[in-house]
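Step one of this worksheet: look at the structure below.
FYI, it's all coordinate maths here, none of it is from the lab. No experiment lies behind these values; they were computed from the predicted model shown. So basically every Cβ, Gly included, is an ideal-geometry build from the backbone, and we count neighbours across all protein chains shown.
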Amino acid sequence: MSVQEQEPSDEETQVVEFRLGEDVCAIDIEQVDSIVEVKKVTRIPRTPNSIEGVMDLRGETTAIIDPKEFLSVETGERGDDVLVLDRPDDKQKIGIRVDEVLDVTTHAPERIDANDELENLDTRGIRDQISRGIIKKPNGDDDDALDLVIWVDVDKMINSLN
């Protein structure tokens, strides 16, 4: 399945939301090439726990990353969805395994808190600056009820593997 975009205004941020354990996270839609169901993943010896292994995706070897390791999310059952990234500088395709892809959403700048405003939140992803910030998403009809979505910085997460 390919990700289809709606055109946000210049100031809005469009993301793909997904679930990791009890947490809802998001990445920029521009970084997602497609969403696929995970097939057989082959573990590679002597790699960090954050690299689950590789799988064959349409004849191309794709590295599968487990973002739960970066965000200190309790591992439990693993989901079957993989967000295949679109990063032109990568030597091979990279996919992020998530528990469930939820939605594509668009958010205005006033709904996003950047990292410098999040020092009091005690999550490893924010402390290690793997998160770009928190998206405050309205929950239902009440504007005061908000869901917090962790906005993941994919580039920093992948660069930390090196």
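Below is a table of values for the structure above.
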| quantity | calculated |
| --- | --- |
| Loop-located trypsin sites (Lys or Arg not before Pro) in the stretch 39-70, at most 10 other Cβ atoms within 10 Å (DSSP) | 40, 43, 46, 58 |
| Principal axes of the stretch 13-159: Cα extent on each, largest first, Å | 47, 31, 26 |
| Set 39/156; 39/136; 91/156; 40/93 screened for pairs whose C-alpha atoms are more than 22 Å apart | 39/156; 39/136 |
| The stretch 95-107 - phi-based ³J(HN,Hα) in whole Hz, Karplus 6.51/-1.76/1.60, Gly and Pro as x | x, 10, 7, 10, 6, 6, 7, 9, 5, 10, 10, 10, 10 |
| Mean-position separation - Cα centroids, the stretch 87-106 and the stretch 131-161, in angstrom | 15 Å |
| Likely footprinting exposure, 50, 131, fewest C-beta neighbours within 10 Å first | 50, 131 |
| Net charge of neighbours whose Cβ lies under 14 Å from the Cβ of residue 59, counting Lys and Arg as +1 and Asp and Glu as -1 | +1 |
